[in-house]
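Have a look at the structure below, then the notes.
Please treat every number below as a calculation from the coordinates, not as lab data. As the structure is a prediction and not an experimental result, all values here were calculated from the model. No Cβ is skipped: glycine too gets one built from the backbone with ideal geometry, and neighbour counts run over all protein chains shown.
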Amino acid sequence: MSSSESSNFRHEWESCLYDCGDPTPLRVSTTPENPERRFYRCGWFDNTLGRKCNFFVWYDPPLTGRTRHVILRLKEENTSLCSELEQSFMQQTRLLEEDEKLKIQVKMLETEGRNMRMSVVERDRARYFMLLFLVIAGSLYFFLSWIMSLAA
Ligand SMILES: [Zn+2]
């Protein structure tokens with residue numbers, strides 16, 4: 001068994017059957033040769049300093065070629081599904097950010113539209129008063145001209 005045999009604790013323990021007798025967790029293999037196959041291995045197995053123990057025993061029976069193939073394919077599918085999920089999550093985050101920006105833009109455009117409507121109303125009002133002034137001034141002029149012509 002190589003040191004690349006990584007493992008996960010499953011909270012199931014066995015005592016090392018060799019001299020040390022230390023508690024030995026049930027681990028799960030992740031190698032392509034024995035995917036998901038459980039085993040016991042003493043904590044001192046890979047120790048390079050001083051104490052060393054060679055206790056290693058498979059908990060599960062050997063995998064058939066078919067089982068190994070199915071497990072590896074499922075793991076691959078799982079990995080690709082996880083990455084797809086991560087991508088769609090990132091896309092969702094991007095879309096939410098874009099949505100926020102668009103909402104702000106809509107608010108700005110609404111404010112701009114309101115300001116434009118108000119300035120149009122003010123302009124129309126100014127034109128109206130100007131017209132009213134011209135009509136009154138004109139009428140006054142003609143009225144005064146008429147009075148002057150009577151007085152002459
Ligand atoms: Zn041991």
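Structure above, values below:
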read-out: Radius of gyration, Dmax [the chain; alpha carbons; angstrom]; value: 44.1, 142
read-out: Separation of alpha-carbon centers, segment 94-152 and segment 35-71, rounded to whole Å; value: 87
read-out: Student exercise, segment 19-143 dipole from Lys, Arg, Asp, Glu Cβ charges, in Debye to nearest 20; value: 140
read-out: Along principal axes, Cα extents of segment 57-103, largest first, whole Å; value: 61, 21, 7
read-out: Average Cα contact separation per residue, segment 13-63, under 8 Å, 6 or more apart, as relative contact order %; value: 30
read-out: Cα convex hull of segment 13-63 - mean projected area over all directions, nm²; value: 3.7
read-out: Karplus-derived 3J(HN,Hα), 6.51/-1.76/1.60, for each residue of segment 34-51, Hz, glycine and proline x; value: 9, x, 6, 7, 8, 8, 9, 8, 4, x, 8, 4, 9, 5, 9, 10, x, 4
read-out: Residue-averaged [θ]222 nm for the chain, counting only DSSP H segments that reach four residues, each worth -39500 (n - 2.57); value: -22000 deg cm²/dmol
read-out: Degrees between helix 65-151 axis and first principal axis of the chain (Cα, 0 to 90, nearest 10); value: 10
read-out: Among Ile71, Ile136, Ile104, residue whose mean-square fluctuation peaks in a GNM of the chain (springs only between Cα atoms under 10 Å); value: Ile136
